[in-house]
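Undergrad: Pasting a structure here, questions to come.
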Amino acid sequence: MDKQVTTKLNKKFEECAHEADGVEFWFARDLQNLLGYDKWENFINAIEKAKIACKNSGHDANDHFPGIRKMVGIGSGAKREIEDIMLTRYACYLIAQNGDPRKEEIAFAQSYFAVQTRKQELIEQRIALQERLRARQKLVASETELSKLIYERGVDDDGFARIRSKGDQVLFGGHTTAQMKTKLGVSQIRPLADFLPTITITAKNLATEITNFSVKKDELKGEDSITKEHMQNNVDVRDLLVKRGIKPEELTPEEDIKKLERKVKKEEHRMANNSKHNKRIT
C-alpha cells in the first residue's frame with residue numbers, strides 16, 4: 001500500500017476515535033465512510049456478519065455493537081434522528097475482517113485494528129500482571145515480618161516453615177504446600193505463590209497480616225500458640241472464600257509470574273521497536 005495512503009488513512013482513523021469511560025470506540029456512520037461503503041444498508045450487512053463472528057467467538061455482541069440514536073443536521077438548522085452504532089475496537093476489527101481486502105481501506109483497517117487490539121490485550125495483560133506482582137510483593141513482606149516476629153518469640157526458621165505449611169493446609173482444604181505443588185505441577189523448589197492466582201495470593205497475605213497483628217497485640221510466644229493463631233486466620237479466610245463459591249485448591253494455576261513478567265516485557269519491547277520502525281518509513 002502506498003505510504004501516503006497509509007499515513008492519510010491512519011490519521012483519519014485516529015481522528016474518528018472516541019472514548020467513553022475509558023473505552024475507545026468508533027461510530028458506525030464514521031466507519032462506513034472510512035471503509036469506503038457508499039450505502040448504509042450495505043454496511044449494515046457487514047456489521048451483521050461481524051456480530052455473528054463476535055457471537056461465535058464467545059463474546060456478547062451487545063457489548064461490542066450497542067445501538068444508539070442521535071440527531072444530525074440536515075441543513076438550514078434543521079435536524080433529524082438517525083440510527084447509529086457504537087463500535088468497540090474489537091467490533092471494528094471483526095467488520096474489517098469480513099470486508100474485501102482488495103479495497104485499500106479494508107486492507108488498512110484489517111492491519112490497523114489487529115495491531116490496536118493486540119496493544120489493548122497487552123495493556124490488560126500488563127495490568128493483570130501488575131496486580132499479581134503487587135499481591136506477591138505484599139505476601140513476601142508480610143511473611144518476612146512474621147518470620148522476624150516469631151524469631152523474637154523463640155521460633156526458628158524450621159518452626160516458621162511449619163507454621164506457614166499448617167496455614168496453607170487449612171487454606172487449601174487439607175492439602176499441604178507440597179501437595180498443592182504436586183497438584184498444580186509446580187516444582188518443589190519453587191515458591192507456590194508464584195503460580196497462584198491473585199485472589200489466592202491475596203488470601204494468603206490477609207491471613208498472614210492478621211497473624212502478625214495478633215502476635216503483636218496478644219504478645220503470642222512459642223510455636224504452638226502462633227501456629228494455632230495462623231491456622232485459625234487461614235480457616236476464617238477460607239470460609240469467606242468458600243461462601244463466595246471459591247475453593248483455593250480447585251482454582252487453575254496461573255503462569256509462572258517470573259516467566260510472565262519476562263514475556264510481557266519482551267512483547268512490549270518488540271512492539272515499541274515496530275512502532276519506531278513504522279514512524280521512520282512513513
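Undergrad: What's the number of the only condition in (1) out of contact with any Cys (no Cβ under 6 Å at 6 or more places or on another chain); (2) among the hydrophobic types (A, V, I, L, M, F, W, C); (3) surrounded by 19 or more Cβ atoms within 10 Å (Cβ to Cβ) that ALA141 fails to meet?
TA: (3)
Undergrad: Please give the helices (runs of 4 or more DSSP H) falling wholly within segment 76-190 in which 3 or more residues are more than 22 Å from the chain's Cα centre (by Cα) and among the hydroxyl-bearing types (Ser, Thr, Tyr).
TA: 104-151
Undergrad: Being modelled with pLDDT of 85 or more, hydrophobic (A, V, I, L, M, F, W, C) and out of contact with any helix residue (DSSP H, G or I) (no Cβ under 7 Å at 6 or more places or on another chain) is the filter here; which residues of segment 73-106 pass it?
TA: Once the filter is applied, which keeps residues that are modelled with pLDDT of 85 or more, hydrophobic (A, V, I, L, M, F, W, C) and out of contact with any helix residue (DSSP H, G or I) (no Cβ under 7 Å at 6 or more places or on another chain), segment 73-106 yields only MET86.
Undergrad: For ILE85, are the conditions met, namely being surrounded by 11 or more Cβ atoms within 10 Å (Cβ to Cβ) and within 27 Å of THR7 (Cα to Cα)? If you could, list the steps in order and put the result at the bottom.
TA: Details: surrounded by 11 or more Cβ atoms within 10 Å (Cβ to Cβ): yes; within 27 Å of THR7 (Cα to Cα): yes.
Taking the combined requirement at face value, the residue satisfies it.
Undergrad: Of these, SER165, SER187, which one is in contact with a helix residue (DSSP H, G or I) (Cβ under 9 Å, 6 or more places away or on another chain), closer than 18 Å to VAL215 by Cα, among the polar types (S, T, N, Q) and surrounded by fewer than 17 Cβ atoms within 10 Å (Cβ to Cβ)? Show your work before the answer.
TA: Working: SER187 fails: closer than 18 Å to VAL215 by Cα.
When all the criteria are applied, what remains is SER165.
Undergrad: Something else: For the condition surrounded by fewer than 17 Cβ atoms within 10 Å (Cβ to Cβ) and assigned to a helix (DSSP H, G or I), what is the one hit in ASP63, ASP30, ASP38? Can you show your working first?
TA: Numbers: ASP30 fails: surrounded by fewer than 17 Cβ atoms within 10 Å (Cβ to Cβ); ASP38 fails: assigned to a helix (DSSP H, G or I).
From the options ASP63, ASP30, ASP38, the qualifying one is ASP63.
Undergrad: So for segment 114-122 (the condition being in contact with a helix residue (DSSP H, G or I) (Cβ under 8 Å, 6 or more places away or on another chain), among the hydrophobic types (A, V, I, L, M, F, W, C) and crowded, with 18+ Cβ neighbours inside 10 Å), does at least one residue qualify?
TA: First pass over segment 114-122, keeping only residues in contact with a helix residue (DSSP H, G or I) (Cβ under 8 Å, 6 or more places away or on another chain): 114, 116-120, 122.
Cutting the leftovers down to among the hydrophobic types (A, V, I, L, M, F, W, C) gives us 114, 122.
Imposing the further condition that a residue be crowded, with 18+ Cβ neighbours inside 10 Å reduces the set to none.
No, that holds for no residue.
Undergrad: Checking the condition touching a residue at least 60 places away in the same chain (Cβ under 8 Å) and of a type outside the set (A, V, I, L, M), which residue from PHE195, PHE160 passes? It would help to see each step written out before you state the result.
TA: Numbers: PHE160 fails: touching a residue at least 60 places away in the same chain (Cβ under 8 Å).
Testing whether each residue is touching a residue at least 60 places away in the same chain (Cβ under 8 Å) and of a type outside the set (A, V, I, L, M) leaves just PHE195.
Undergrad: Can you tell me which residues in segment 41-60 are of a type outside the set (Gly, Ala, Ser), in a loop (DSSP other than H, G, I, E, B) and either touching a Leu at 6+ places or on another chain (Cβ under 7 Å) or free of Cβ contacts under 8 Å to residues at least 24 places away in the same chain (or both)? Even if it seems obvious, please write down each step before you answer.
TA: Taking segment 41-60 as the starting set, the residues that turn out to be of a type outside the set (Gly, Ala, Ser) are 41-45, 47-49, 51-52, 54-56, 59-60.
Next cut, in a loop (DSSP other than H, G, I, E, B) only: 59-60.
Passing the criteria: only ASP60.
Undergrad: Filter segment 231-248 down to the residues that are closer than 15 Å to ILE210 by Cα and buried (at least 20 other Cβ atoms within 10 Å of the Cβ) and list them by number.
TA: ASN233, ASN234, VAL237, ARG238
Undergrad: Quick one: count up the residues across segment 26-45 that are within 20 Å of GLN116 (Cα to Cα) and out of contact with any Asp or Glu (no Cβ under 7 Å at 6 or more places or on another chain).
TA: Qualifying residue count for the region: 5.
Undergrad: Follow-up question, since we're still on this one. Hey, among THR144, THR208, THR176, THR202, which residue is at pLDDT below 95, β-branched (Val, Ile, Thr) and in the same structural domain as GLU249 (by TED's automatic domain parsing)?
TA: Numbers: THR144 fails: at pLDDT below 95; THR208 fails: at pLDDT below 95; THR202 fails: at pLDDT below 95.
Result of the check over THR144, THR208, THR176, THR202: THR176.
Undergrad: Yes or no: segment 43-55 includes at least one residue that is closer than 14 Å to GLY99 by Cα and under 23 Å from the mean Cα position of the chain (by Cα).
TA: Yes: one or more hits.
The values are calculated or read from the model by the stated rules, or taken from the named source; none is laboratory data. None of these values were measured; they are calculated from a predicted model. Neighbour counts are summed over all protein chains in view; Cβ atoms, including those assigned to glycine, are modelled from backbone coordinates with ideal geometry.
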